[in-house]
Amino acid sequence: MIFVTVGTHEQPFDRLIRKMDEIKGQNLIPDDVFIQVGYSKHVPQYCNFERFLGYEEIDKRVCEARIVITHGGPGSIMLPFKYHKVPIVVPRQRQFDEHVDDHQVLFAKRMQRYNRILAILDVDELLICILNYESLILNITRGVESTNTQVFTKRLEEIASELIKGK
């Protein structure tokens with residue numbers, strides 16, 4: 001399964017959703033695709049989807065997915081690291097009215113420089129990345145045991161849990 005998440009930012013991310021729906025609709029990939037579409041206006045015709053998911057459901061889908069495709073939000077990028085997965089990151093871009101600025105592009109470029117993700121700025125490159133995913137991730141750093149990512153992820157989960165419980 002391929003899990004796609006666009007986060008909860010209020011601007012639509014139709015560019016990514018439309019491309020994934022097109023790829024699946026043309027039977028270019030065998031995987032089932034589930035998309036968390038958020039505020040996007042495009043309604044997928046060939047992929048399963050929900051507008052929003054709770055953290056536990058997102059965590060479960062990331063764990064089960066063969067490939068995780070995410071927008072460029074740091075939390076969404078880092079969650080797959082918990083399961084030693086390399087996310088494909090398609091950052092929202094200002095030029096497409098997907099965000100107020102290009103901070104996701106800058107963050108994705110930095111993470112790619114550190115050899116942690118596969119960054120895609122042009123959605124037309126997404127199919128090639130999916131089809132070649134296994135070979136593309138061979139040289140990507142996937143272990144988090146010796147990094148601060150695991151500590152950061154655990155602490156972020158604790159803080160979020162405390163906020164939800166109202167502590």
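Which whole-number value in Å² is the accessible area per residue of the chain, probe 1.4 Å?
55 Å²
State, as an integer percentage, the relative contact order of the chain based on alpha-carbon contacts under 8 Å between residues 6 or more apart.
RCO, the chain: 20 percent.
Considering only protein heavy atoms and a probe of 1.4 Å, how much of the accessible area of the range 1-70 is carbon and sulfur, as a whole percent?
48 percent
Near VAL43, within a Cβ-to-Cβ distance under 11 Å, what is the net charge of the other residues, with Lys and Arg +1 and Asp and Glu -1?
Around VAL43, the surrounding residues sum to +1.
Please state, to two decimals, what the Cα-based radius of gyration of the range 23-80 comes to when divided by 2.2 N^0.38 Å (N = residues).
Dividing the Cα radius of gyration by 2.2 N^0.38 Å gives 1.15.
Could you tell me what % of all Cα pairs in the range 1-43 have separations over 11 Å?
62 percent
Between their Cα atoms, which of LYS19/LYS41; LYS85/LYS109; LYS24/LYS82; LYS19/LYS60 are more than 21 Å away from each other?
From LYS19/LYS41; LYS85/LYS109; LYS24/LYS82; LYS19/LYS60, over 21 Å: LYS24/LYS82; LYS19/LYS60.
How much net charge surrounds VAL33 when only the other residues with a Cβ under 14 Å from the Cβ of VAL33 are counted, with Lys and Arg +1 and Asp and Glu -1?
Within the 14 Å Cβ shell, the charges total -1.
Just to confirm a number: summing +1 for Lys and Arg and -1 for Asp and Glu over residues other than GLY54 whose beta-carbon lies under 15 angstrom from that of GLY54, what do you get?
-1
The values are calculated or read from the model by the stated rules, or taken from the named source; none is laboratory data. Source: prediction; values computed, not measured. Glycine also receives a Cβ, built like all others from the backbone with ideal geometry; neighbour counts cover every protein chain displayed. Note: accessible area is taken over every heavy atom of the protein model, side chains too, but ligands, DNA and RNA are not part of it. Shrake-Rupley method; radii C 1.70, N 1.55, O 1.52, S 1.80 Å.
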